[in-house]
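Okay, structure first, notes after.
The values are calculated or read from the model by the stated rules, or taken from the named source; none is laboratory data. Predicted model, so just to flag it, every value in this text is computed and none were measured. Using ideal geometry, Cβ is built from the backbone for each residue, glycine included, and neighbour counts are taken over all protein chains shown.
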Amino acid sequence: MTATAAPATAPRAAAAGAFPAHIAAVLLAATSVIVGVIWDISWHRSVGRDTFWTSAHLAIYLGGILAGVSCGALVLRTTFGGTLEARGRAVRFWGFRGPLGAWVCIWGAIAMIASAPFDNWWHNAYGLDVKVLSPPHVLLALGFTGIQIGALLLLAARQHADDTDAPHREAYRVLFAYAAGLLVANAAIIGFEYVGFPNAAHNALYYKICAGAFPFLLAATARASTLRWPATTAAASYMAVNILMLWILPLFPATPRLAPIYNAVDHFVPPPFPILLVVPALVIDLVVRRGPESDWGRAALVGIGFVLVLLAVQWTVTRFLISPSAENFVFGTQRWSYNNTIGPWRYQFWRIRTDPLTGAGVVTAVAIGVASARLGLWWGAWMARVRR
């Protein structure tokens with residue numbers, strides 16, 4: 001019995017010993033995309049639109065190609081060379097078989113590649129974007145969001161897999177939270193015009209947008225992950241990526257190439273200091289782990305806790321972040337684009353007269369946060385059941 005069992009178990013043990021190459025490739029792709037998008041925004045704010053073939057664009061589309069090729073190869077390998085067990089666990093589409101996360105990555109990669117000529121044509125026809133979410137950028141955002149969600153689904157299936165994958169189980173848990181943090185960073189980028197700068201943290205729209213986006217993602221992470229502090233880890237990952245870009249980008253010289261030039265930029269303009277999501281994320285982890293049994297009860301506590309804690313933190317910290325005291329390497333010295341006319345508005349809160357944060361605004365933000373958290377808990381419960 002022993003002699004005949006060894007050959008059958010050896011391949012499974014060997015397979016369990018190696019970290020899956022396609023997961024490493026997809027995580028690298030998702031990271032490359034986020035780094036590239038933050039870099040691209042900085043490029044537009046520091047240099048302008050000089051050519052499609054910028055380093056930032058190459059980083060973005062490298063992520064799309066890497067995710068598409070690695071997941072495409074996985075689908076072909078599963079379809080034509082996979083074991084009966086692997087093919088049985090896969091999702092079938094057009095006769096091909098592969099993990100659900102791989103399919104989502106492939107569709108995201110296709111959308112990203114399709115956005116490239118669209119974006120180039122758009123700039124040739126209309127010039128520099130005046131908004132972050134131009135039509136080609138929306139298609140691009142849908143594409144790299146697909147890659148990030150695909151990475152989450154691949155890792156969700158792995159962290160709940162059977163004992164053959166046990167050696168990497170803890171790594172899958174941490175990487176799931178990291179991938180969720182990239183998705184949080186993506187949401188912050190999409191809302192950049194409204195929640196990107198600390199100067200906006202004293203108006204009502206800022207908290208409504210935060211309440212709509214972040215409880216959904218963080219509550220889903222807390223529900224789906226088997227890590228001890230998943231939402232906190234995801235929020236910390238989002239902050240770490242942005243802080244690293246804030247510190248690294250200004251190290252490189254940049255020269256504006258598109259008029260009008262009002263601000264003498266000589267190095268890349270970094271992103272603003274990130275939202276301190278790690279603090280309300282702690283509340284979300286506590287509520288999801290130890291809160292009421294009812295999902296609506298959890299959602300109510302998450303929505304209320306998120307908005308009130310974020311309000312207490314951001315309202316206070318942003319007073320410092322918009323002051324001259326925060327103009328240093330840690331918090332960012334060169335924050336403004338070359339086409340900004342420098343003035344006292346840099347040290348002021350914006351739209352506090354046209355959109356003040358009133359009691360009604362806080363109640364509205366809480367209601368949005370509760371709905372966002374409830375949807376997040378539903379999505380997280382679904383991801384917790386993903387096995388393929």
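Selection within segment 312-330: residues that are surrounded by 19 or more Cβ atoms within 10 Å (Cβ to Cβ) and of a type outside the set (Val, Ile, Thr). The member of this set that is farthest from Gly369 (Cα to Cα) is Ala326. Within segment 278-290, does at least one residue satisfy the condition of being under 21 Å from the mean Cα position of the chain (by Cα), part of a loop (DSSP other than H, G, I, E, B) and in the same structural domain as Tyr338 (by TED's automatic domain parsing)? Taking every residue of segment 278-290 in turn, none turns out to be under 21 Å from the mean Cα position of the chain (by Cα), part of a loop (DSSP other than H, G, I, E, B) and in the same structural domain as Tyr338 (by TED's automatic domain parsing). The single condition among (1) touching a helix residue (DSSP H, G or I) at 6+ places or on another chain (Cβ under 7 Å); (2) surrounded by 20 or more Cβ atoms within 10 Å (Cβ to Cβ); (3) within 20 Å of Ile275 (Cβ to Cβ); (4) not small (Gly, Ala, Ser) that Val309 does not satisfy is (2). In segment 291-306, the residue that is modelled with the lowest pLDDT out of those that are in contact with a helix residue (DSSP H, G or I) (Cβ under 6 Å, 6 or more places away or on another chain) and assigned to a loop (DSSP other than H, G, I, E, B) is Gly291.
If the condition is being surrounded by fewer than 11 Cβ atoms within 10 Å (Cβ to Cβ) and either small (Gly, Ala, Ser) or modelled with pLDDT of 90 or more (or both), then segment 3-53 contributes Ala3, Ala5, Ala6, Ala8, Ala10, Ala14, Gly17, Ala18. For segment 345-371, a residue qualifies if it is aliphatic (A, V, I, L, M) and assigned to a helix (DSSP H, G or I), and the qualifying residues are Ala360, Val362, Val363, Ala365, Val366, Ala367, Ile368, Val370, Ala371. Taken over segment 334-388, the criterion of being free of Cβ contacts under 8 Å to residues at least 40 places away in the same chain and aliphatic (A, V, I, L, M) is satisfied by Ala360, Val363. Pairs are defined by a Cβ separation below 7 Å, a sequence spacing of at least 6 or placement on different chains, a first member in segment 39-59 that is on the phi < 0 side of the Ramachandran plot, and a second member that is of a type in the set (A, V, I, L, M) and in a loop (DSSP other than H, G, I, E, B); the pairs so defined are Ser42/Val269; Arg45/Val269; Ser46/Ala254; Ser46/Val265; Ser46/Val269; Val47/Ala254; Arg49/Leu128; Arg49/Leu258. If you go through segment 184-225 and keep only what is at pLDDT 95 or above and of a type in the set (Lys, Arg), you end up with just Lys208.
Tallying residues that are closer than 23 Å to Val91 by Cβ and of a type in the set (Gly, Ala, Ser) within segment 344-388 yields 3.
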